[in-house]
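> Take a look at this one; I'll ask things after.
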Amino acid sequence: QVQLVESGGGLVQAGGSLRLSCSASGRTFSSYGLGWFRQAPGKEREFVAAISIRYSTSYAGSVKGRFIISRDNAKKTVDLQMNSLKPEDTAVYYCAADEAGWRPITKYDYWGQGTQVTVSS
């Protein structure tokens, strides 16, 4: 079973930066499709960024140009570098993994516990 643990959340001022990291414990990390999601109080969980087994990336329009997702297969981690943070970025951030990243349809079966990111104005 895949286990995911996020870290790096905290309080930061608007315009600042924060780097989130997600450490995975599973079988073949290099075959996982990976993503970051976030959920603000009273809001639905939303997609933030994703990175495929071939390192292609995608981003939500609200974070494109500000956030960068990356993966390190040797360390079994997926990071989210967040720059130019805005108060609306405040949320609990979750990393997720699709154990069969090679499939054309992504299904995130494993989720981390979440890490709080608070951006003050």
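The values are calculated or read from the model by the stated rules, or taken from the named source; none is laboratory data. Everything quoted here is computed from the prediction, not taken from an experiment. No Cβ is skipped: glycine too gets one built from the backbone with ideal geometry, and neighbour counts run over all protein chains shown. Ligands, DNA and RNA are excluded from the accessible area calculation, which covers all protein heavy atoms including side chains. Shrake-Rupley method; radii C 1.70, N 1.55, O 1.52, S 1.80 Å.
> So what are the ³J(HN,Hα) numbers for the range 104-109, from phi and the Karplus equation (6.51, -1.76, 1.60; θ = phi - 60°), rounded to whole Hz, Gly and Pro as x?
Result, ordered by residue: x, 9, 7, 9, 7, 8 Hz.
> Now for a different question. Shape call for the range 1-65 from the C-alpha gyration tensor, a ≥ b ≥ c root eigenvalues: rounded (a/c under 1.5), prolate (a/b greater than b/c) or oblate?
Because a/c hits 1.5 or more and a/b exceeds b/c, the range 1-65 counts as prolate.
> Which residue, 21, 31, 56, has the most motion in a Gaussian network model of the chain that connects Cα atoms within less than 10 Å?
With Cα springs under 10 Å in the chain, the top fluctuation among 21, 31, 56 is at 56.
> For the range 58-70, just list the computed ³J(HN,Hα) in residue order, Karplus coefficients 6.51, -1.76 and 1.60, θ = phi - 60°, integers in Hz, with x standing in for Gly and Pro.
In residue order, the calculated couplings are 8, 9, 5, x, 5, 10, 4, x, 10, 9, 9, 9, 8 Hz.
> Residues of the range 1-43 with the amide nitrogen closer than 17 Å to a label point 7 Å from the Cα of residue 84, along Cα-to-Cβ, please.
13-19
> Return the carbon/sulfur percentage of the accessible area of the range 9-111, one whole number, probe 1.4 Å, all protein chains in place.
51 percent
> Based on the alpha carbon coordinates of the chain, what radius of gyration and maximum Cα-Cα distance (Dmax) apply, in Å?
13.6, 42
> Let me ask you something else. Test of understanding: in a Gaussian network model of the chain with alpha carbons linked when under 10 Å, which of 97, 24, 40 would top the mean-square fluctuation ranking?
Looking only at 97, 24, 40, the largest GNM fluctuation is found for 40.
> The range 1-46 to the range 63-108: how many Å between their Cα centroids?
6 Å
> Where is the GNM fluctuation largest for the chain (alpha-carbon springs, 10 angstrom cutoff): 15, 35, 101?
Its mean-square fluctuation being the largest, the pick is 15.
> What are the aspartates and glutamates whose alpha-carbon lies under 14 Å from the alpha-carbon of residue 107, with same-chain residues fewer than 8 places away excluded?
Cross-link targets: 98, 99.
> Of the chain, which part is the longest with no chymotrypsin sites (Phe, Trp or Tyr not before Pro) in a loop (DSSP not H, G, I, E, B) and with at most 12 other C-beta atoms within 10 angstrom?
1-54
> Students often get this wrong: which residues of the range 88-115 have the backbone nitrogen under 14 Å from the point 7 angstrom along Cα-to-C-beta of residue 3?
Only 111-113 pass the distance filter.
> Same structure again: Near the amide H of residue 86, under 5 Å away, which other amide H atoms are found, from residues 5 or more places off or on another chain, if H is placed in the peptide plane?
Answer set, sorted by chain and number: 15.
> Moving on. Which part of the range 21-41 falls in the paramagnetic zone of residue 116, meaning amide N under 16 Å from the point 7 Å along Cα-to-beta-carbon?
Inside the label zone: 39-41.
> Let me ask something additional. What aspartates and glutamates does residue 64 reach when the alpha-carbon gap must be under 18 Å and sequence neighbours fewer than 8 apart in one chain are set aside?
Within the straight-line cut-off, residue 64 pairs with 46, 79, 88, 89.
> DSSP beta bridges in the chain, what fraction antiparallel, as a percent rounded to 5?
Bridges in the chain are about 90 percent antiparallel.
> Hey, can you grab everything whose amide H is under 5 Å from the amide H of residue 100? Only 5+ residues off in sequence or another chain; H modelled, so Pro and N-termini drop out.
33
> Could you work out the Kirkwood radius for the range 67-121, taking every pair of different alpha carbons, averaging 1/r and inverting it, reported in Å?
13.1 Å is the Kirkwood radius here.
> Quick one: length gained pulling residue 103 to residue 13 fully straight, 0.36 nm per residue minus the C-alpha distance?
Going from the current span to full extension adds 28.5 nm.
> How large is the charge dipole for the chain, taken about the Cα centre, if only the Cβ atoms of Lys, Arg (+1) and Asp, Glu (-1) carry charge, to the nearest 20 debye?
That gives a dipole near 220 debye.
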